[in-house]
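These notes concern the structure reproduced below.
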Ligand code: CP
Ligand code: NVA
């Protein structure tokens, strides 16, 4: 594993190794056991979009690992004045030991990785949100003990979160059912990957998808950059809310996952979010531990 651009690139074994290391780092952090694996290392955090969790968890994670994170808003980089990503990549790799990027377009992260001599981590693109889904898998494992054979259900938009959830869960031997409105299906490459798995279902019916699920996940109806479609999307997705009535079709001990930020009354009801706040905020916390594991894996291997 040289970069983390999307979960499709990782083997089941690599994902398991990250999750195991994340559990260990979480244990050590909770018990005051220092783990300065990245002493003297630096990570650049390039953001083309807003963030609360990703920025703070990467900055804190690097500090806890003994390294340094540098926040680089794309608004302040020369890329806004036209410097190409392939040059930014080659320059940043002369200073940094790793680069995290939150980009509008997956292609941007791919170009950065192609030209960078140091590992590149995808902190969200239109296609994928691998760090989030590693945290989600870690959380599900904490609640359920193991992943294999569990049924995960994702309700909503076939965007970054649905894409990565489908790939991550299938790679870990879970059953996956995804429900989205017509025209909002997951990315073609994700469907191509998923169709070889007998335990994958794509439907337009949230009720069908949620049946007997162990995990129900959702995400905003209007992702960053889609604000112009707000009114249309609210209408199109109105039948895709995770609420108590829908959740009653899942297993009685279902857990709920939401990458956050949440829009109560849209993709999730206030009641469901608050009833499942324990899992959802554990999931947010686990961004820190899962990403620290990714950083240790990527930044300590020989170039
Ligand atoms: N879930 C997530 O990536 O949150 P931020 O947008 O706040 O980083
Ligand atoms: N799908 C959302 C995820 C935010 C973490 C977005 O892209 O805005």
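When you look at residue 272, is it farther than 23 Å from residue 15 by Cβ, within 15 Å of ligand 2 (Cβ to nearest atom) and surrounded by 13 or more Cβ atoms within 10 Å (Cβ to Cβ), yes or no?
In short, no.
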Legend entry - Residues satisfying the stated conditions in the stretch 3-31, i.e. farther than 21 Å from residue 193 by Cβ and within 16 Å of the chain's Cα centre (by Cα): 22
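Conditions tested, residue by residue: (1) more than 16 Å from ligand 2 (Cβ to nearest atom); (2) surrounded by fewer than 20 Cβ atoms within 10 Å (Cβ to Cβ); (3) in a strand (DSSP E or B).
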| site | (1), (2), (3) |
| --- | --- |
| 38 | yes, no, no |
| 49 | no, yes, no |
| 70 | yes, yes, yes |
| 79 | yes, yes, no |
Legend entry - Some residue of the stretch 126-144 being within 22 Å of residue 59 (Cα to Cα), more than 13 Å from ligand 1 (Cβ to nearest atom) and crowded, with 23+ Cβ neighbours inside 10 Å: yes
Inset, instruction - Being more than 16 Å from ligand 1 (Cβ to nearest atom), closer than 24 Å to residue 247 by Cα and either surrounded by 24 or more Cβ atoms within 10 Å (Cβ to Cβ) or at pLDDT 95 or above (or both) narrows it down to one of 118, 167, so name that one. - result: 167
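Provide a single number: the residues in the stretch 191-221 that are without any contact (Cβ under 8 Å) to a residue 24 or more places away in the chain and either part of a strand (DSSP E or B) or crowded, with 16+ Cβ neighbours inside 10 Å (or both).
From the stretch 191-221, those without any contact (Cβ under 8 Å) to a residue 24 or more places away in the chain are 191-192, 195-196, 198; that's our starting set.
If we keep only those that are either part of a strand (DSSP E or B) or crowded, with 16+ Cβ neighbours inside 10 Å (or both) as well, we get 191.
Of the residues in that region, 1 qualify.
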Inset, instruction - Answer yes if at least one residue in the stretch 146-153 is buried (at least 24 other Cβ atoms within 10 Å of the Cβ) and either in a loop (DSSP other than H, G, I, E, B) or touching a helix residue (DSSP H, G or I) at 6+ places or on another chain (Cβ under 9 Å) (or both), and no otherwise. - result: yes
Inset, instruction - Look at residue 284 and say whether it is within 15 Å of ligand 1 (Cβ to nearest atom), under 14 Å from the mean Cα position of the chain (by Cα), in contact (Cβ under 8 Å) with a residue 60 or more places away in the chain and closer than 19 Å to residue 156 by Cβ. - result: yes
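The values are calculated or read from the model by the stated rules, or taken from the named source; none is laboratory data. Because the structure is predicted, anything quoted here is derived from the model rather than measured. Methodologically, a virtual Cβ is constructed for each residue, glycine included, from the backbone with ideal geometry; neighbour enumeration extends over all protein chains shown.
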